[in-house]
Amino acid sequence: MNGERNDALAIRSAAPAATPAKVRFKTASSLDSADIGDIILIDDRGEVIGPGQLRRMRWLFNLKLGAATGAFAVIPAVIFGSAWLGWLAAFGYLGVRSWRARPAYAVRRGVALVAAREYSAAEKLFRQMESRELEFHHQRIVDVYMAKIAWRFGRFDEANDRYQRAMSALSRNKHGEAGMYWLCAFDRVQLTCARGDVERAVQLRRKMIDAPKGEYFQFERLFTDLLIGFHQGTSKEVEDDLYDAVKITLQSNCFGRSLVLLSWAFHDRGDDEMAVVTLSQAPSRLTRDSFADAIPRLHDWMMDKCAEWGVDL
């Protein structure tokens, strides 16, 4: 056990959060390297999409765009025997694509603001976007992130409605949609638990038996079960190895809530040494997290234990 404890305690210092003016769309390469402000992109299985894989996806997209543009240029030229018609069609196609892609840049900005915990700025941007008609994919992303924002501010009903709307429009099995569907599903269970409806949260959790088992979803599965256990008053139903989770949360600097839950679980199992260590690393990772509004009971537990154990906030 001491070996597991020592292996887990590779602690990384928390980096300062970016200000809104400095926020940019930056993806994490893995869970344990994620900083505050990093976007954790996942595929349908729940595996993290790193910067290298994202670049390859963009290269493939640009290749397809180039092929489509070439087709728009060649076909009119061949049919009508006029090169300038071909160029006109190609530029027209690119113009339409560029116009339709404009909301995507705003979505990226909003997602980056949420990752940087600039929730008010992100909410303002997303509400401006919703004043215009959005395409299906963009609207689903806005719903998911507006749900996250509403939850952070303690607006549980609004957050639940947003998650419900997003999930009803997404498929749990369709390529390109499954990852977002299951992300919403885990968040909805946690939200339901945080608002105090533990029985309903347990029911929703039981329906997620077929959730993918990629790294991110395994992480979410553990902390969803720990949150339910916290509200039920026992961690005995959670069989996962907590030390593996400690390694990830301490090497990253953005999983403050997870550290609080791990601290509670270690305390519940009688290991107050690890409970103090994990709790002591949580406050610096909860910068601008609106923790008190999002999960009030867990926040109150943290505050009580910080005072009892002499942990600096």
Inset, instruction - Kindly provide the set of residues from segment 129-169 that are of a type in the set (D, E), surrounded by fewer than 20 Cβ atoms within 10 Å (Cβ to Cβ) and in a helix (DSSP H, G or I), ordered by number. - result: E130, D157, E158, D161
Inset, instruction - Filter segment 275-298 for residues that are crowded, with 21+ Cβ neighbours inside 10 Å, closer than 15 Å to E308 by Cα and not hydrophobic (A, V, I, L, M, F, W, C) and give the result. - result: T278
Inset, instruction - Please determine, by comparing only the residues of segment 222-274 that are of a type in the set (S, T, Y) and in a loop (DSSP other than H, G, I, E, B), which one is surrounded by the most Cβ atoms within 10 Å (Cβ to Cβ). - result: S252
Legend entry - So D304, is it outside the structural domain of V114 (by TED's automatic domain parsing) and modelled with pLDDT under 95: no
Legend entry - Candidate set from segment 183-211 (those that are outside any helix (DSSP H, G or I) and among the small types (G, A, S)); member that is surrounded by the fewest Cβ atoms within 10 Å (Cβ to Cβ): G196
Legend entry - Unique match (being assigned by TED's automatic domain parsing to the domain that holds S171, modelled with pLDDT under 65 and loosely packed, with under 13 Cβ neighbours inside 10 Å) among G86, G81: G81
Legend entry - Yes/no for A194 being under 29 Å from P296 (Cβ atoms) and aliphatic (A, V, I, L, M): yes
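From V202, V144, V189, grab the single residue that is of a type in the set (A, V, I, L, M, F, W, C) and in contact with a Ser or Thr (Cβ under 8 Å, 6 or more places away or on another chain).
Every option except V189 fails the conditions.
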Legend entry - Cross-chain or 6+ apart pairs with Cβ under 9 Å, segment 147-165 first and free of Cβ contacts under 8 Å to residues at least 24 places away in the same chain, then outside any helix (DSSP H, G or I): D157/R195
Inset, instruction - For G176, indicate whether it is under 30 Å from H138 (Cβ atoms) and not in a helix (DSSP H, G or I). - result: yes
Legend entry - Near pairs, Cβ below 9 angstrom, 6+ apart or cross-chain, from segment 289-304 (within 19 Å of F255 (Cβ to Cβ)) to any residue that is of a type in the set (D, E, K, R) and outside any helix (DSSP H, G or I): D289/R117; S290/R117; D293/R155
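Rundown of residues vs (1) within 24 Å of the chain's Cα centre (by Cα); (2) assigned by TED's automatic domain parsing to the domain that holds S29; (3) not hydroxyl-bearing (S, T, Y), yes/no style:
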| site | (1), (2), (3) |
| --- | --- |
| L226 | yes, yes, yes |
| K247 | yes, no, yes |
| W264 | yes, no, yes |
| M274 | no, no, yes |
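The values are calculated or read from the model by the stated rules, or taken from the named source; none is laboratory data. Just so it is clear, the model here is predicted, and its values are computed rather than measured. So basically every Cβ, Gly included, is an ideal-geometry build from the backbone, and we count neighbours across all protein chains shown.
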